[in-house]
Amino acid sequence: MANLRAAIAGIGESRVGRVPDRSALQLQTDAAQAALADAGLKISDIDGLLTTPVRVEHWNMPCGIVAHHLGVRAKYLSTVDIAGASGCGMIHQAAMAIGSGQCETVLCVAGQNLLTHSTRASAVKSMAEGGSAHPQFEVPYGPLVPSLYALVAQRHMHEYGTTPEQMAEVAVTLRRHASMNPNAHKRELITINDVLNSKKIASPLHILDCAIVSDGAAAAIVTSAERARDLKKKPVHLLGQGYGCRHSHIGDTELTTTGAVDAGAAAFKSAGLKPADMDFAQIYDCFTITVIVELEDLGFCKKGEGGHFVEGGRIGIGGELPVTTHGGLLSAGHPGLGGGFFHVLEAVRQLRGEAGERQVKDAEVALVHGNGGVISIHCTLILGGAAA
Amino acid sequence: MTAEALAKVVADRPLPVPDAATGPYWEAARGERLVIPRCDDCGHYHFYPRTLCPQCSSPRLKWTQVSGSGTVYSFTIIHRAPSAAFATAVPYVVAAVKLAEGPHLMTNIVGAAPDAVRIGMPVKVVFQKFSGEITLPMFEPVETA
């Protein structure tokens, strides 16, 4: 696979958490303006635009709505929808558009006011009926999104002896990371007992095993490596990428191995790197079990050893493999489809050495992984501070 | 889920709307038969229904009655209802069942206390009528001597 020679030149995020004073388009505008300022660019420098669908409003063509709202005269625009993997997918698809010569500088932006828009009941209902469960063969049996991941967790516990305490350690670690992120939605420290004693949602998952719901938006500017060299910030290069999808619904498939195997292998191959080369990993974390399964499938440990891998501070900052250092969907924020995009932004901050209190020492190469559906569709990126 | 709790969710439970691809499944369920697609070319069973065999890509698929026997592949006890329709039913069990013929499907386990459900437990299909058109296949534990 050819190196696309693209780089991330700017990143920005809106306020994240409960932001009742901003609409979806306003949040996306906030993120886009922050990314432009970060790169030292103007709207008129942007000639490509990628975004994702939103749930809070009906946008008949999200990329057209967003491009027009921001005043982007796009030579290339598209709406990327690979569910939770869309954040990673936008970066790669921007790189392809630039590599093919269609445009030079792409603004990728996603996010919405999901928390403010949703009363709790309607959020739960839309999550239950919002497409992850099969409308005819699953929804009538009353699954909630967490229950679909609970099936994964229960099976993983059965096959490999993974424990609720190990899953809880993922939540505790990511909350500690979020406590060092000034823009994170949830920053109060929690303990393993807090997780285990939190409200049961769908056994074996407690509410603190589940992602939060937030308002917020994220943006990144992708351009050619050559152009990025002349811009304000140190470029972060796209070194490799891969995709995978092994099922569409969780009820008809094996539960403990996912398309992340294919996405990860392709990404490492295209980058000419291996898991041991990664200084940290921005793993999608819609539920605690997701992190454990993905660490295995991406090759950071053997199948079945993910529960053990996350113990003892190994995935904390300063540990063997810091994971999701901004706090992730479990703690930093989850405004829907754009949630996984914050994982990309954090990788860029770390690789630039701008992560402040939560800086990973000597961070040069990172993996970012997005997952959508119910561990269904995957996109993996390898990013590095130096060009390949 | 007890029969009483089940009865309470009859009214509002979101029921499937059969379409051209799934009509035969729901028609069979109405007659208390469980059918899944089987490939006429390679003999492979699959579920959920597709237009091409996932093993050999053949379009020659036939709805075929299966034994209705299987084992619990995974399960979860739902404590937080997804909608008001299920609020009176919690706690109830959503499970993935592995059919004797191979494919998995999602269902509810009924006729057992939620705490008694285990992975690997043998189960068999039972049919719960919800409307004139829709009967849902569910599973209950097989009595073992």
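The values are calculated or read from the model by the stated rules, or taken from the named source; none is laboratory data. What you see is a predicted model; the values in this text were computed from it and never measured. All Cβ positions, even for glycine, are placed from backbone atoms using ideal geometry, and neighbour counts span all protein chains on display.
Before moving on, here are some points about what is shown:
- Breaking point among (1) within 14 Å of another protein chain (Cβ to nearest Cβ); (2) among the polar types (S, T, N, Q); (3) in contact with a helix residue (DSSP H, G or I) (Cβ under 6 Å, 6 or more places away or on another chain), for A:S248: (3)
- For the residues B:P82, B:P137, the requirement of being assigned to a loop (DSSP other than H, G, I, E, B) and surrounded by 17 or more Cβ atoms within 10 Å (Cβ to Cβ) singles out B:P82.
- Among residues of the range B:70-92 that are more than 8 Å from every other protein chain (Cβ to nearest Cβ), those with a Cβ under 9 angstrom from a residue that is polar (S, T, N, Q), sequence gap 6+ or separate chain, pair up as B:P91/A:S203.
- When A:G216 is tested against the conditions (1) of a type outside the set (D, E, K, R); (2) within 22 Å of A:A83 (Cα to Cα); (3) more than 14 Å from chain B (Cβ to nearest Cβ); (4) over 24 Å from the mean Cα position of the chain (by Cα), the lone failure is (4).
- Leading residue by the ranking (farthest from A:F287 (Cα to Cα)) among those in the range A:174-192 that are in contact with a Gly (Cβ under 7 Å, 6 or more places away or on another chain) and hydrophobic (A, V, I, L, M, F, W, C): A:A184
- When we screen A:H326, A:H343 for residues that are surrounded by 24 or more Cβ atoms within 10 Å (Cβ to Cβ) and outside any helix (DSSP H, G or I), the only hit is A:H326.
- Selected residue (criterion: surrounded by the most Cβ atoms within 10 Å (Cβ to Cβ)) from residues of the range B:36-62 that are hydrophobic (A, V, I, L, M, F, W, C) and in a loop (DSSP other than H, G, I, E, B): B:F47
- Residue in the range A:142-171 that is surrounded by the fewest Cβ atoms within 10 Å (Cβ to Cβ), counting only those that are modelled with pLDDT under 95 and part of a helix (DSSP H, G or I): A:V145
- Residue in the range A:231-265 that is nearest to A:I91 (Cα to Cα), counting only those that are more than 18 Å from the chain's Cα centre (by Cα) and assigned to a helix (DSSP H, G or I): A:A265
- Residues of the range B:93-104 satisfying the condition of being touching a helix residue (DSSP H, G or I) at 6+ places or on another chain (Cβ under 6 Å), within 7 Å of another protein chain (Cβ to nearest Cβ) and not small (G, A, S): B:V94, B:H104
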